[in-house]
Structures are given as structure tokens and as C-alpha cells.
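**Q** Dropping the structure in here first, questions after.
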Amino acid sequence: MTDMAQAPYKVVRSTRASKIGSVIGLVLFIVLVSFPTWGDRATIRLLVEIFYILALAQMWNLLAGYGGLVSVGQQAFVGFGGYMLFVLTINFGVGAVWAVPVAGVLGALVSLPVAFLVFRLRGHYFAIGTWVVAEVFLLGFAQIKAFGGGSGMSLPISVIKSISGSRAGRDSAIYWTALFVAVATIAIVYFLLRSRHGLALTAIRDSEEASNSLGVDNFRAKLLVYIFAAFGTAAIGALIFLTKIRISPSAAFDINWTTTVIFIVVIGGIGTIEGPILGTIIYFLLREPLSDFGTWYLILLGSTAIVVMLKAPQGIWGIITQRFDLRFFPVQRRLRLKKDD
């Protein structure tokens, strides 16, 4: 038998593009970290929104693109995380920034009973079931008078001032928190997909029947992904309403949170890490100049999504990958000839 060390090939994951991308990503990260020291307040607020929308898209992509769990009710955890931010800061005195990950943990705990309910459903029934759960959350929180009922509530001035002494300091603290959440989301998803659990998720995405026959525990793998996505989504929800300062049931559990990330993932490329990043860029490039056109803006977004789904079901990044074999976040193992090094 030929010794593996003497074989003319080796198993690799990284590519030349991923190495170049790592350098570019590091430089971009340094620039973004320093941005509050020289950037204007309006751009800082826009970047915060870009960061949390990107993080939401990565969570939904992990759930649907790898776990095969097409949920249209993730706004349930966005809203739950947002309300937990208010509960933790007002009722328990937790610092506003520290309340973000704690809200994520609470979201993960709540996702357990929800998962055992919606996992009884399959396909489009699962999607509708998650939407129903989100509506139940909306109606439930709207009945709680301590949370302001249907009109909602605002963060007290004392909580806002506790983030930092000045407005510029608060903006910077929230900006760095949002940047950390976005980077951490991408990094965790990347290393998760490179692990054995990620290999199981890839097998489930390709064929549930085949993965089950190979010994993959489909239910356990999907449950872990659902819980992790709930954790991330709830933490992001807390961050969103930390930036908005005010929360109400209609805003917290708005289905637009989910439809926006579905649009981003579909046009960018589902089942890839790069897809949601590209989709987020395209979404904001379309939104910023066209949002003043009212319904025409929504029609354009819908038309763009339809054209992409018809012409490129794998998304724009899927086309780029097929044509140029470009991967900035390679998670698959590939055989490579040693002489090519």
C-alpha cells in the first residue's frame, strides 16, 4: 500500500483566494475598528445596521442553507431578544452591552420547547409553523402590560447613559459591539462548518436520506443548529433594539426581519458564507438610493429576487464560484497535487 506521505496529492482546505482574502479581511477589520475615531455619525449608524443585518443573514443561511430548516418565523427570536434586553437592563440592572449575549442565551433556552413543537412539521408546513410561533410571540408580548402592551416601551435615560458618558461614546460602544457580533457570527459559522458537525450538516443539506443511512443523527444535528441560530438571532435582536432604544410588538416581531434576510441570502447565494455577505452589500446598494421611491422600491427588490432565482438558483456567488472557483471561506476538503505548491 502506498504511504500517504509519498502520495502525489494532499488534502487541503485553504485556497489562494482564501489566503488573499484573509489579508484583505484583516486590513478591512482594522479600518472598521478605527472608523468611529474619524467617521461621521450617520455613517456609523448605517454600518451598525449593515453589521446586524449581515449577522441575521448568516444565522438564517446556516439554518436553511445547511440545516434545511426554511424558517419564515425567525422574527420570533429577534423580538424575544429585543424584549429580553429591556428586561435585563431595567429589571435586573445588567449592563446594556452585556445584556446582548445574555439575551442570546435566553433565546436558546426558549428555542428548545419551540423546536420540539415545530420539528413535528416538514417542508412548507415547518415554514408556516415557525411563522405561527412568531405570531404567538407577538400576541403574547402585546398582552404584557409591564412591557407597555401593544404600544411598547423605551429604554430609560439611565440605561442609555450607562453605556457611555457621551453620545459619541455610546455610538462608538454600540458600533464596536455590532462589529464584534458580525465578525463573531461569520467566524463561528465558518469554524462550525469545518468541524465534524459541519460535515454532518453538509450531508443533510445534500440528502437527508443518504446522511441518515451513513449514521448521521439528523434530528440532533438540526436541533443543535436551530438552538444556535436562536441564540445568535436573539442576541442580534437585543443589539437591534439597543440601537433603536424603543421597542413594540409590531416592530419587534415584524416579518420583514425574516423576509429581508431571505432576500439577501437568496440573491447572494444560499449554503455559502460569502453569499450573505455579497447579498447584504447588494441589498444596501439597492436600498440607499431607491428607498425614497416607496412601493417601486419593494417591486424592484422582489423583481431582483425573482430574476436571480430563475436565472441563478444558486445565487450570484454560486455563479462566481462555478466560473472562477473562488472561495474566501473554504469549508470542503479538496485533493491537490503536491507539485502545484
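Every read-out reported here was derived from the displayed coordinates using simple, explicitly stated rules and does not represent laboratory data. None of these values were measured; they are calculated from a predicted model. Backbone-built Cβ (ideal geometry, glycine too); neighbour counts: all protein chains shown.
**Q** So, in Å, what gap is there between the alpha-carbon centers of the range 209-229 and the range 154-196?
**A** Here the answer is 30 Å between Cα centres.
**Q** Given points 7 Å out from each Cα along the Cα-Cβ axis, report the Arg45 to Lys244 separation in nanometres with one decimal.
**A** Between Arg45 and Lys244, the simple spin-label model gives 1.4 nm.
**Q** Name the most mobile residue of Asn212, Asn91, Asn61, meaning the one with the largest mean-square fluctuation, in a Gaussian network model of the chain with Cα contacts below 10 Å.
**A** For the chain, modelled as a Gaussian network with Cα springs under 10 Å, the answer is Asn91.
**Q** With each label point set 7 Å from Cα along the Cα-Cβ vector, what nm distance links Thr259 and Tyr297?
**A** About 1.4 nm separates the two model spin labels.
**Q** Taking springs between alpha-carbon atoms closer than 10 angstrom, which of Phe116, Phe284, Phe137 fluctuates most in the Gaussian network model of the chain?
**A** The residue that fluctuates most here is Phe116.
**Q** If each DSSP helix of 4+ residues adds -39,500 (n - 2.57) and the sum is divided by the residues in the chain, what number results at 222 nm, nearest 500 deg cm²/dmol?
**A** Taken over the chain, the calculation gives -23000 deg cm²/dmol.
**Q** Pairing the Cα long axis of helix 75-86 with the longest principal axis of the chain, what angle in degrees results, from 0 to 90 and rounded to the nearest 10?
**A** 50 degrees
**Q** If you average 1/r over all unlike Cα pairs in the chain and invert the result, what Kirkwood radius do you get in angstrom?
**A** Value: 21.3 Å, from the Cα pair sum.
**Q** Between rounded, prolate and oblate, where does the range 21-176 land on the alpha carbon gyration tensor, with a ≥ b ≥ c its root eigenvalues, rounded for a/c under 1.5, else prolate if a/b exceeds b/c?
**A** It is oblate, given that a/c is not under 1.5 and a/b is not larger than b/c.
**Q** Relative contact order for the range 31-255: what is it in percent, counting Cα pairs under 8 Å that are at least 6 residues apart? Before the final figure, lay out the partial values.
**A** Details: 318 pairs, mean separation 95.5, N = 225.
The normalised contact order for the range 31-255 reaches 42 percent.
**Q** Report ³J(HN,Hα) in whole Hz for each residue of the range 23-37, in order, from the Karplus equation J = 6.51 cos²θ - 1.76 cosθ + 1.60 where θ = phi - 60°; Gly and Pro get x.
**A** Whole-Hz 3J(HN,Hα) from phi for the range 23-37: 5, 4, x, 5, 5, 4, 4, 4, 5, 5, 4, 7, 4, x, 7.
**Q** Another one. Which one of Ile270, Ile299, Ile160 has the biggest mean-square fluctuation once the chain is modelled by GNM with Cα springs under 10 Å?
**A** Of Ile270, Ile299, Ile160, the most mobile in the Gaussian network model is Ile299.
**Q** Another question about this same structure. Can you list the aspartates and glutamates whose alpha carbon is less than 19 Å from that of Lys161, not counting same-chain residues fewer than 8 positions off?
**A** Asp171
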